[in-house]
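Structure record follows, encoded as structure tokens.
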Amino acid sequence: DAPVLATAGGRGPAGGAGQVLHGGGACANSGNRWFDKTLQFIVGEDGTCGVIYDPAVIHGAVVAEMVDHALDY
């Protein structure tokens, strides 16, 4: 993704969450989001990162273990 957009949330938790969840709108990174996929890793040029997953398909504990492993290595 391109860097977090200058929004009311900024680079704080609200701005980072919006960037990860919906990409900042049609003029930003929303084209990089595939809302019908089970698991997505979001990595931004500015270091913003996150995971979007479908809890009906993957259990949250499994995703948390994967993310912990990725952050460790």
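The values are calculated or read from the model by the stated rules, or taken from the named source; none is laboratory data. As the structure is a computational prediction, the values presented were derived from the model and not from experiment. Please note: Cβ atoms are built from the backbone with ideal geometry, for glycine as well, and neighbour counts cover all protein chains shown. Calculation scope for accessible area: heavy atoms of the full protein, side chains included, ligands and nucleic acids excluded. Shrake-Rupley method; radii C 1.70, N 1.55, O 1.52, S 1.80 Å.
Worth a mention:
- Summed over segment 44-56, the residues that are closer than 13 Å to residue 2 by Cβ, of a type outside the set (Asp, Glu) and surrounded by 11 or more Cβ atoms within 10 Å (Cβ to Cβ) give a count of 2.
- Of all residues in segment 57-73, those that are surrounded by 10 or more Cβ atoms within 10 Å (Cβ to Cβ) have Cβ atoms under 6 Å from Cβ atoms of residues that are not β-branched (Val, Ile, Thr), 6 or more apart or on another chain, in 63/53.
- Annotation: of all residues in segment 6-39 being of a type in the set (D, E, K, R) and modelled with pLDDT of 80 or more, the one that is least open to solvent (accessible area, probe 1.4 Å) is 33.
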